[in-house]
Every structure is written in structure tokens, then in C-alpha cells.
Amino acid sequence: MTLDNNTIQQLAAHLENAELSATAVTKITDAHPQLDWDDAYAIQAAIRARKESRGHRIAGLKAGLTSRAKMKQMGVETPVFGLIFDYMSVADGGEIDTKKLIHPKVEAEIAFVLKKALRGPGCHVGAVLAATDFVVPAVEIIDSRYENFRFDLASVIADNTSASRFVVGGVARSVEGLDLRTLGLVMEKNGEIVAMAAGAAVLGHPAVAVAALANHLATRGEEIPAGTFIMSGGATEAIPVAAGDAISVRFQDLGSVSMRFV
Ligand code: OOG
Ligand code: MG
């Protein structure tokens with residue numbers, strides 16, 4: 001940690017206000033170049049406390065920057081972890097108001113729901129699969145609060161990993177009989193294919209992202225509780241969207257997820 005609590009609270013307010021007013025800001029490491037990952041996760045936790053004090057609740061957890069495509073697109077090499085809140089949930093087929101967002105992009109993700117808690121260190125794919133109740137297809141709408149989506153790892157962690165909206169659709173399936181590595185997905189924007197991938201794009205197996213989250217939380221003495229919904233990270237690069245766009249993602253074996261931007 002390099003920042004005092006005052007500065008952490010101030011930066012949390014700054015970034016949350018940017019989200020709520022849909023205005024881009026410069027990345028916070030410009031003014032605080034020494035800001036480290038612990039500072040960044042402390043800012044994320046302060047954003048959580050602000051939202052909870054206004055009655056919002058955690059709806060799930062997310063891993064991000066877990067695929068080569070995403071790492072390359074954003075110029076970083078390490079996964080990050082963030083929080084998903086109740087008000088971010090959009091029904092399958094629903095509308096997303098772009099006036100409330102800065103510069104949204106969509107990502108196709110495989111999401112896990114746990115039937116047992118997961119605690120690191122040493123959490124691995126096998127433990128994740130054994131603890132998984134079911135998987136569901138999801139689309140995350142990310143909206144970095146930073147100008148032009150330009151950030152470094154500490155800045156994006158502090159900004160709650162660009163979390164903005166998410167849509168769950170398709171069918172919930174037990175992992176038994178599913179090969180999440182070869183599970184294909186095809187993303188269409190306005191009827192045209194804009195991205196495709198297989199589950200293995202996410203760290204070789206999307207359950208690795210969940211294991212990484214459990215191991216990350218273990219360093220802070222926390223676990224992933226039973227029942228938690230977890231998004232494993234975009235399998236393809238993120239696709240920019242604007243008002244008028246319709247997005248639909250077809251997942252092999254899991255059905256499809258769609259939404260419209262207005
Ligand atoms: C950070 C969030 C990345 C994912 O699935 O990779 C993310 C960003 O790219 O703005 O959610
Ligand atoms: Mg994501």
C-alpha cells in the first residue's frame with residue numbers, strides 16, 4: 001500500500017462519480033504513479049462500500065483480462081478481478097441505455113454458479129468443476145471510466161475492472177458432459193459475425209479463471225461463497241457498441257444471449 005485512507009476514499013468517489021455521471025476521466029496513475037495493486041483493490045473495496053451504503057448488493061464476481069485476445073487488446077498480461085452489482089443486471093433480450101454509459105463494449109463469457117465454496121491457495125480446475133452447480137452463457141458490457149479505454153492494471157482494478165452491465169441467457173447446464181475448452185461461441189452484431197472463440201481462449205480452460213479468483217481472494221483471507229455467480233472473462237476481444245446496435249452471442253450447448261443498445 002502506498003496511499004493513505006483519505007486518498008483511497010477520494011479516488012473511489014472520483015471513479016464512482018465518473019461511472020454514475022457517465023463521464024470519462026484520466027487514469028488515476030497519472031496523478032498517483034506509485035499506486036500499487038493493493039491500493040487498487042482497496043479503492044475497488046471502497047467503491048463497493050459506497051454502493052452498499054446506498055442499498056446496492058453484490059450480484060457476482062468477475063475475472064477479466066483472462067484471454068490472450070483481451071490481454072493483447074488492452075496491453076496487459078495479468079488477469080484482474082472485480083465486483084458485479086445488482087443494478088448491472090439486464091434481462092436476456094433487454095435494452096441497454098447508452099446514455100448512461102461512456103463507451104460500452106461487449107464480451108462473450110462463460111459464467112459459473114457454485115454449489116460449494118471455493119477457497120485457495122491451491123485451487124485448481126478440478127476443484128472448480130467439483131464445486132460448480134452449473135454454467136450459463138453471459139455477455140458482459142464493460143465501460144471503462146478512463147478516456148479511450150486506456151489504462152494500466154492498477155487503474156483498471158481501481159475502476160472495478162470496467163464492470164458496467166451483464167446479461168445472462170441461454171440454458172444453465174451442469175459441467176458434466178460439457179467440454180468447456182472446445183465449447184464454441186459466435187458473436188453477432190446487427191446480424192454480422194464480429195468475433196468467435198472457444199472456451200480454451202480463457203486461460204486454457206475457463207475454470208482456471210475461477211480458480212485464479214479463489215487463489216486471489218485467499219491472499220486476502222477470503223473465499224468464494226457457495227451460490228456465487230462468477231463471470232470468467234471475455235473469450236474474444238471486446239466489441240464496441242452504440243445506440244441502435246443489436247448483439248447476439250450463440251454458445252455451443254448453452255443457447256444464446258442477446259440485447260439491444262438504445
Ligand atoms: C477490463 C475488464 C476486462 C474481461 O472480461 O476481460 C474484462 C477492460 O478491458 O476494460 O471484463
Ligand atoms: Mg469481462
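The values are calculated or read from the model by the stated rules, or taken from the named source; none is laboratory data. All values reported here derive from a predicted model rather than from experimental measurement. We place every Cβ from the backbone using ideal geometry, glycine too, and count neighbours over all the protein chains shown. The protein model used for the area step is the full one, side chains on, heavy atoms only, and it has no ligands, DNA or RNA in it. Shrake-Rupley method; radii C 1.70, N 1.55, O 1.52, S 1.80 Å.
Does Val208 count as open to solvent by less than 50 Å² (accessible area, probe 1.4 Å) and either within 27 Å of Ser144 (Cβ to Cβ) or within 17 Å of the chain's Cα centre (by Cα) (or both)? Here the answer is yes, as Val208 does meet what is asked.
A count restricted to the stretch 230-249 and to residues that are under 17 Å from Val202 (Cα atoms) and either assigned to a strand (DSSP E or B) or open to solvent by 50 Å² or more (accessible area, probe 1.4 Å) (or both) stands at 5. Scan the stretch 136-194 for residues that are part of a loop (DSSP other than H, G, I, E, B) and more than 16 Å from ligand 2 (Cβ to nearest atom) and the total you get is 17.
Screening the stretch 12-56 for residues that are surrounded by 16 or more Cβ atoms within 10 Å (Cβ to Cβ) and of a type in the set (S, T, N, Q) and picking the one that is farthest from Asp97 (Cα to Cα) gives Thr29. Applying the set (1) away from ligand 2 (no atom under 16 Å from the Cβ); (2) surrounded by fewer than 19 Cβ atoms within 10 Å (Cβ to Cβ) to Ala214 leaves exactly one unmet item: (2).
Only one of the listed residues (Phe151, Phe134) is touching a strand residue (DSSP E or B) at 6+ places or on another chain (Cβ under 8 Å), aromatic (Phe, Trp, Tyr) and over 19 Å from Phe85 (Cβ atoms). That residue is Phe134. For Gly221, are the conditions met, namely being open to solvent by less than 10 Å² (accessible area, probe 1.4 Å), of a type outside the set (D, E, K, R) and either on the phi > 0 side of the Ramachandran plot or out of contact with any helix residue (DSSP H, G or I) (no Cβ under 8 Å at 6 or more places or on another chain) (or both)? Criteria not met by Gly221. Is one or more of the residues making up the stretch 155-162 surrounded by fewer than 16 Cβ atoms within 10 Å (Cβ to Cβ), closer than 23 Å to Leu20 by Cα and either without any contact (Cβ under 8 Å) to a residue 60 or more places away in the chain or in contact with a Gly (Cβ under 6 Å, 6 or more places away or on another chain) (or both)? No, the stretch 155-162 contains no residue that is surrounded by fewer than 16 Cβ atoms within 10 Å (Cβ to Cβ), closer than 23 Å to Leu20 by Cα and either without any contact (Cβ under 8 Å) to a residue 60 or more places away in the chain or in contact with a Gly (Cβ under 6 Å, 6 or more places away or on another chain) (or both). Scanning the stretch 57-69 for residues that are near ligand 1 (Cβ under 10 Å from one of its atoms) and either open to solvent by 10 Å² or more (accessible area, probe 1.4 Å) or more than 14 Å from Gly204 (Cβ to Cβ) (or both) yields a count of 4. Looking only at residues in the stretch 86-109 that are within 14 Å of ligand 2 (Cβ to nearest atom) and not in a loop (DSSP other than H, G, I, E, B), the one that is surrounded by the most Cβ atoms within 10 Å (Cβ to Cβ) is Glu109.
Of all residues in the stretch 72-85, those that are among the aliphatic types (A, V, I, L, M), crowded, with 18+ Cβ neighbours inside 10 Å and either at pLDDT below 95 or part of a loop (DSSP other than H, G, I, E, B) (or both) total 1.
Scanning the stretch 117-151 for residues that are crowded, with 19+ Cβ neighbours inside 10 Å and charged (D, E, K, R) yields a count of 3.
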